[in-house]
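Visitor: Submitted below is the structure of interest, expressed as structure tokens.
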Amino acid sequence: MTIPSPVLPGSRMSPSRGFGGPRDRKERLIHAALAFCAGVSALVTILTVLVLFTEAVGFFTRVSVWEFLTETRWTPSFREKHFGILPLLSGSLLVAGVAGIVALPTGLLAAIFLSEHAGTGLRNLLKPLLEVLAGIPTVVYGYFAVTFVTPALRFLFPSAGIFNAASAGIVVGIMILPMVTSLSEDALRAVPRHLRDAAHALGATSTEVSIRVVVPAGASGILASFILALSRALGETMVVSMAAGNSPQMTLNPLESVQTMTAFILQGGLGAMSFGSLEYQTLFAVGMVLFLITMAMNLASQWVLARFRGGRP
């Protein structure tokens, strides 16, 4: 005598659903829609990389990689052409460095306050106000840098230029502040409560618990938020185009005018560059470098999370 196997409720053999029922068809439709969206995202990424790679290869068949990476002059539109990306790279790193000085400590301290010290009502008030900064258009930030931050800097430092890296870096730091704060707060709030209770039981103050227990325990998420925020700063375009200037030069002085990789791509794209010319291909070569840097930083953030959490990078 064969005993039929029981039918589990909610399984595909369940009488409430059956084969090809309305609920099953609906789930298949949702699954297909989600797969389509994921496929579109992957396809856009692949096509972007393909276009960048194709044009960049065309550029490097006419300009040596060594000259591109070591030359200290960037004059692709001049009669005497030089294609050294170091001035653009140094300008991007200078602006991102100033932004990091502004955003990373401020964002971390704000995250510690919101996570460990602010009451529920104050947190519910401050966090939405802070996240409003993320919704302000970048062109507004650019005008803020030009009309307020730059005059203030020139009042404090008369040697500062009308366009300078410090002004752009400060405003980009304000832009990435919500990202640092939000991600760092999530990392701090993910720390188990019993670690805090144990530290308090040993006589630690709230400040000591925050600095010596919670922050080290959430270090992986905090460091990942720093890397992602700096990656965002490197990719900012409008603010640096309006406030940092268009002078590709290698300098460590943030009061001088610089040109970043994103600003060059924007200015070059607006110029009269003929399709397929060497000047046109420089846009894609610089874009490929910027893409590789930001991708490496994103991979580094994932590696940090996996490493600190005991997983495999």
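Visitor: Conditions first: (1) within 30 Å of the chain's Cα centre (by Cα); (2) surrounded by 10 or more Cβ atoms within 10 Å (Cβ to Cβ); (3) at pLDDT 85 or above. Pro76 passes all but one, so which condition is the exception?
Guide: (3)
Visitor: Now for a separate question. For region 150-178, give me the residue count where each residue is surrounded by fewer than 21 Cβ atoms within 10 Å (Cβ to Cβ) and among the hydrophobic types (A, V, I, L, M, F, W, C).
Guide: Total satisfying the criteria: 7.
Visitor: I need a count of the residues in region 101-128 that are surrounded by fewer than 16 Cβ atoms within 10 Å (Cβ to Cβ) and modelled with pLDDT of 90 or more.
Guide: Matching residues across region 101-128 total 4.
Visitor: Moving on. Only residues that are under 21 Å from Leu270 (Cα atoms), small (Gly, Ala, Ser) and part of a helix (DSSP H, G or I): list them for region 77-93, please.
Guide: Gly91, Ser92
Visitor: Could I ask something else about it? Within the group Ser241, Ser247, which residue is under 23 Å from the mean Cα position of the chain (by Cα) and among the hydroxyl-bearing types (Ser, Thr, Tyr)?
Guide: Ser241
Visitor: Does region 51-72 contain any residue that is in contact with a strand residue (DSSP E or B) (Cβ under 6 Å, 6 or more places away or on another chain) and closer than 30 Å to Ile170 by Cα?
Guide: Taking every residue of region 51-72 in turn, at least one turns out to be in contact with a strand residue (DSSP E or B) (Cβ under 6 Å, 6 or more places away or on another chain) and closer than 30 Å to Ile170 by Cα.
Visitor: Residues Ala224, Ala233, Ala229: which one is at pLDDT below 90 and part of a helix (DSSP H, G or I)?
Guide: When all the criteria are applied, what remains is Ala224.
Visitor: Could you check region 197-210 and list, in sequence order, the residues that are without any contact (Cβ under 8 Å) to a residue 40 or more places away in the chain and surrounded by 13 or more Cβ atoms within 10 Å (Cβ to Cβ)?
Guide: Matches in region 197-210: Ala198, Ala199, His200, Ala204, Glu208.
Visitor: Looking only at residues that are among the β-branched types (Val, Ile, Thr) and surrounded by 10 or more Cβ atoms within 10 Å (Cβ to Cβ) in region 47-68, which one is nearest to Glu279 (Cα to Cα)?
Guide: Of everything passing the filter in region 47-68, Val63 is nearest to Glu279 (Cα to Cα).
Visitor: Quick check: is even one residue across region 110-125 touching a Pro at 6+ places or on another chain (Cβ under 8 Å), small (Gly, Ala, Ser) and either closer than 30 Å to Phe60 by Cα or assigned to a helix (DSSP H, G or I) (or both)?
Guide: no
The values are calculated or read from the model by the stated rules, or taken from the named source; none is laboratory data. Note that this is a predicted model, so its numbers are computed, not measured. For neighbour counting, all protein chains shown are included, and Cβ atoms are generated from backbone atoms with ideal geometry for every residue, glycine included.
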